[in-house]
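Here the structure is laid out as structure tokens; the discussion comes afterwards.
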Amino acid sequence: MLGGQLLIVMDEASRRRLRTVGILLVVLGAAGVILPQLMGLALSLLISALLLLSGLLSAYLAWSSYARTSTGWMKPAILIALGLLIAFYPKAGTAAIGLLLIVYFLMDGFASLIFGLELRPMRGWGWTVISGAASLLLALLFIGGWPFHSDWLVGLLVGVSLLLDGVALLVLSTAAAPQ
């Protein structure tokens, strides 16, 4: 901090990484905005696959380490059951993801607002504040439509959030002081 102002210094390699991540987030975000139901389904299936993988790994651990105790098999059974439930009923999975996203957008919004205000008057600070305000607005919109519109809201809101985060990173990559 310099005189109450946050100073961010980056070398060219750091700027390139920031730009690359920003561009990837913009592309993913645009895909979510254009195809929100597909993005929601993809997120639901990704979480399903992660739960199944975790369950299988936990089952392997239970089998190889403590196969004689039935309580050791509870965690793998729950993870596999949840993964299969979400895989076979992705709308219910999307609704559950939607509830988690409401909490995420609320926390992300507050954190981005505070961080953006700390960056002021650095060029690009406004985009971070806008991204935070948009996350708070998205959380409120989602609360109003949950769980009935979760199938497309999840994809749309994640897409918008990724898009705005990507734009904020792109602007910040040009604003950081050279090293």
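Where a number appears in this text, it was derived from the coordinates with a stated rule and is not lab data. The structure displayed is predicted, hence computed values, not measured ones. Glycine gets a Cβ as well: all are built from the backbone with ideal geometry, and neighbour counts include every protein chain shown.
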Rounded to the nearest 500, the 222 nm mean residue ellipticity computed for the chain from DSSP H runs (n ≥ 4, each -39500 (n - 2.57)) alone is -28500 deg cm²/dmol
The size of the Cβ-based charge dipole (Lys, Arg +1; Asp, Glu -1) of segment 14-178 about the Cα centre, to the nearest 20 debye, is 420
Low-density loop chymotrypsin sites (Phe, Trp or Tyr not before Pro), segment 13-70, at most 14 other Cβ within 10 Å, DSSP non-H/G/I/E/B, are 66
Once amide hydrogens are built 1.01 Å from N within the peptide plane, the residues lying 5 or more places from residue 10 or on another chain with amide H under 5 Å from its amide H are 177, 179
At R0 = 45 Å the Cβ-Cβ FRET efficiency linking residue 12 and residue 69, nearest 0.05, sits at 0.20
The relative contact order of segment 53-179, taking Cα pairs under 8 Å that sit 6 or more residues apart, comes to a percentage of 23
The local net charge around residue 32, scoring Lys/Arg +1 and Asp/Glu -1 for residues other than residue 32 whose Cβ lies under 14 Å from its Cβ, equals -2
Under a Gaussian network model of the chain whose springs join Cα atoms within less than 10 Å, the largest fluctuation of 109, 126, 145 belongs to 145
Labelled set (1) 24.8; (2) 13.1; (3) 10.7; mean projected area of the Cα convex hull in nm² computed from this model equals the value at (2)
Note, residue 23: beta-carbon cut-off 15 Å, +1 each Lys/Arg, -1 each Asp/Glu, net +3
